[in-house]
Amino acid sequence: MKVKGVQPFMENIKVKKQWITYKGTNICFQAYKEPLDSNKPYMIFIHGFLSSQYSFRKMIPLLIEKYNIVTIDLPPFGDSDRLTRFKYSYVNLANIIIYFMNTKSISQAYLVGHSMGGQIALTCAYHYPERIRKLILLAPCSYLSKADRFSYLISWLPFFPYLLKGLLYRKGVYETLRQCVYNESIISKGMLKTYIKPFLDNAIYLCLTKMIRDREGDLDSECLATIEIQSYIFWGKKDEILPISIAYHLVRDLPRAELCTFDFAGHLLPEEVPNVICERILDECN
């Protein structure tokens, strides 16, 4: 199914930032449109590490006619709270998705997860298979072990958050984005302004430090083999963050997975190839 361009739809989409509270942490989300249409299936978007719901802005207009779309800022990113008392494990982050669904009386949803968000989508499917209709995985983080003992111990040092801040500042937002895309000409001033915003808040470095300690390893092959949900995996062959070899491993481990690759795309697929991905979603998920 061919999808229309982004621009004609953007002016008609009504959206506002809203919040729910999960275990004392305010979680920002956006629902397109309000009120949600009970006759449409729900599609929940889960962003990646150092990102936010902003990263899906090109995909939403292409799918809004067929789905109730919800995007969520996972803490400590986007406009959600940045609190050191929050447990930044994948299971706890996945529980936010299920908690949101329970709060909004959503019995089932399609999950679209990019990078770290893909691993969280897989975690939802592993623990709550009855709540997930299908998985759309955009270069999902996979087979990453938990932090080694040295990283865990050094993260307790008082200066570590400042070291982390220095490393991220030294690389810079532009260079980080450039590494994530194949066609760097798509990097705009708007992208730079939005992606840098959370890192102007010093609290995020304390949270990222805690995430090193809280994050468990990704689901292993044995766990993945139990996920019977239909999964569509998308991957760029020019991905410098997560190499394409991971995709071939993942599609073997997931019992009901299909892989679609892009010859000239990097890691940030929602920014680089939204139209093609949305065409496939509309073809396979309707």
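Just so you know, all these numbers are worked out from the coordinates, no wet-lab data involved. Small disclaimer: the values here were computed from a predicted structure and weren't measured. Note that we place each Cβ from the backbone using ideal geometry, even for glycine, and neighbour counts take in every protein chain shown.
Details
- Estimated from helical segments only, the mean residue ellipticity of the chain at 222 nm is -10500 deg cm²/dmol, where each DSSP H run of four or more residues counts as -39500 (n - 2.57).
- Relative contact order of the stretch 45-186, pairs being alpha-carbon contacts under 8 Å that are 6 or more residues apart, as %: 20 percent
- Alpha-carbon centroids, the stretch 255-286 and the stretch 82-117: separation in whole Å: 22 Å
- Ranked I154, I44, criterion: other C-beta atoms within 10 Å, fewest first: I154, I44
- Under the simplified labelling scheme, the S145-T226 pair shows an inter-label distance of 2.2 nm, with each label point 7 Å from Cα along Cα→Cβ.
- Look at the alpha carbon pairs under 8 Å that are at least 6 residues apart: their mean separation over the length of the chain gives a relative contact order of 20 percent.
- Extension gain, W19 back to S105 (0.36 nm per residue minus Cα-Cα distance, nm): 29.4 nm
- In Hz, Karplus ³J(HN,Hα) per residue of the stretch 250-260 (6.51, -1.76, 1.60; θ = phi - 60°; x = Gly, Pro): 5, 5, 6, 7, 7, x, 10, 10, 10, 10, 10
- Restraint check, K33/K165; K16/K146; K17/K165; K17/K171, Cα-Cα greater than 32 Å: K33/K165; K16/K146
- Which of L269, F49, S80, positive extreme of dipole for the chain (C-beta unit charges): S80
- At 0.692 mPa s and 37 °C, Stokes diffusion of the stretch 189-286 via Kirkwood alpha-carbon radius, µm² per second: 203 µm²/s
- Going from the residue with the fewest nearby Cβ atoms within 10 Å to the one with the most, F29, F234, F160 rank F160, F29, F234.
- Potential extension, K33-E240 segment - 0.36 nm per residue separation minus Cα distance: 71.0 nm
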